[in-house]
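Peer 1: I'd like to ask you about the structure that follows.
Just so it is clear, none of the values below were taken in a lab; they were calculated from the coordinates. What you see is a predicted model, and the numbers here were worked out from it, not measured in a lab. Neighbour counts run over all protein chains shown; Cβ positions are idealised from the backbone, glycine included.
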Amino acid sequence: MVRVGLTGGIGSGKSTVAKVFETLGIPVYYADDAAKRLMNEDLTLRTAIMDAFGEASYTEGKLNRKWMAEQVFGNAEKLKSLNRVVHPATIRDAEEWLEKQDSPYAIKEAALIFESGAGYLDFIIGVSAPLSLRIQRTMNRDGITREDVLARMTKQLDENIKMRLCDAVIVNDGQRSIIEQVVELDRELRVKS
């Protein structure tokens, strides 16, 4: 089975593209959702987070997401500390999930594929969109300001660099059909398997 990564910057439309692959019967692992689950359920990860951030990182047995966000956003060192413990746990979980799939290929959707390590993936698809569209989509989706979106973008690898590292790129600019691009890649990936 081919192990596929699906990545792109904030607001690029990764989740939309992933849903199209799912309609074609391809299983998708959503790294952000998995990380949220693991931070609550994985005891080793919980312990590592509490060791790094203290008891306030959990309330009533659940990750104190608001408090944690206040700690890491705007503080590069604390964000690195969190990523250092969360990324390995998520990668391990994704690898275990991928092992269980029996489709021609399976996809791991994650914004930080290159930043967290992509060595276990066979093929990486990037989702690209114009900066202005990415900013507007994120503002609408998250109810945040342009400045907040730009601040989040600075935490990710530059999109131009990211897209050059990918094996294929889907352009999500509102002009080209995402469905047609996904169907074409689906054909290619099924041949590779």
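Peer 1: So if R0 is 30 Å, what FRET efficiency would K66 and E95 give, r being the distance between their Cβ atoms, rounded to the nearest 0.05?
Peer 2: Step by step, r from the Cβ atoms, then E = 0.50.
Peer 1: Further question: What does the charge count near L79 come to, summing +1 for each Lys or Arg and -1 for each Asp or Glu among other residues with Cβ under 14 Å from its Cβ?
Peer 2: Residues close to L79 contribute a combined charge of +2.
Peer 1: Running a GNM on the chain with Cα contacts under 10 Å, which residue among S116, S132, S57 ends up with the highest mean-square fluctuation?
Peer 2: Of S116, S132, S57, the most mobile in the Gaussian network model is S132.
Peer 1: Between the range 33-94 and the range 149-189, how far is it from one alpha carbon centroid to the other, in angstrom?
Peer 2: 28
Peer 1: Show that you can apply the helix-only estimate: for the chain, add -39,500 (n - 2.57) for every DSSP H stretch of four or more residues, divide by all residues, and state [θ] at 222 nm to the nearest 500. Present the calculation step by step, with values, prior to reporting the outcome.
Peer 2: Working: 10 runs with 110 residues, N = 193.
Calculated from helices alone, the mean residue ellipticity at 222 nm is -17500 deg cm²/dmol.
Peer 1: Let me ask another. Roughly speaking, what is the stretch gain from L131 to T154, that is 0.36 nm per residue apart minus the C-alpha to C-alpha distance, in nm to one decimal?
Peer 2: So the chain would gain 7.0 nm between L131 and T154.
Peer 1: Among the lysines in the range 1-84, how many pairs, 8 or more places apart or on different chains, have alpha carbons under 24 Å apart?
Peer 2: So the count works out to 11.
Peer 1: Under a crude label model (7 Å from the Cα following the beta-carbon direction), how far is L79 from R187 in nanometres?
Peer 2: 4.0
Peer 1: Starting from one equal scatterer on each C-alpha and no solvent at all, send me the Debye-based log10 I(q)/I(0) for the chain at q = 0.11, 0.12, 0.16, 0.18 Å⁻¹, two decimals.
Peer 2: -0.53, -0.63, -1.08, -1.29
Peer 1: For E115 paired with D173, estimate the spin-label separation in nm (one decimal), with each label point 7 Å from Cα along the Cα-to-Cβ line.
Peer 2: So the two model labels end up 2.5 nm from each other.
Peer 1: Specify the angular offset, from 0 to 90 degrees and rounded to the nearest 10, of the alpha carbon long axis of helix 76-99 from the longest principal axis of the alpha carbons in the chain.
Peer 2: 50
Peer 1: Taking the chain as a Gaussian network, Cα atoms linked when under 10 Å apart, which of K14, K62, K162 shows the biggest mean-square fluctuation?
Peer 2: Top of the fluctuation ranking is K62.
Peer 1: Pulled fully out, how much extra length does the chain show between M1 and D32, if you take 0.36 nm times their separation in residues and subtract their Cα-Cα distance? Kindly include the intermediate steps, with their values, before the conclusion.
Peer 2: Working: separation 31, 0.36 × 31 = 11.16 nm, distance 2.29 nm.
Separation in residues times 0.36 nm, less the Cα-Cα distance, equals 8.9 nm.
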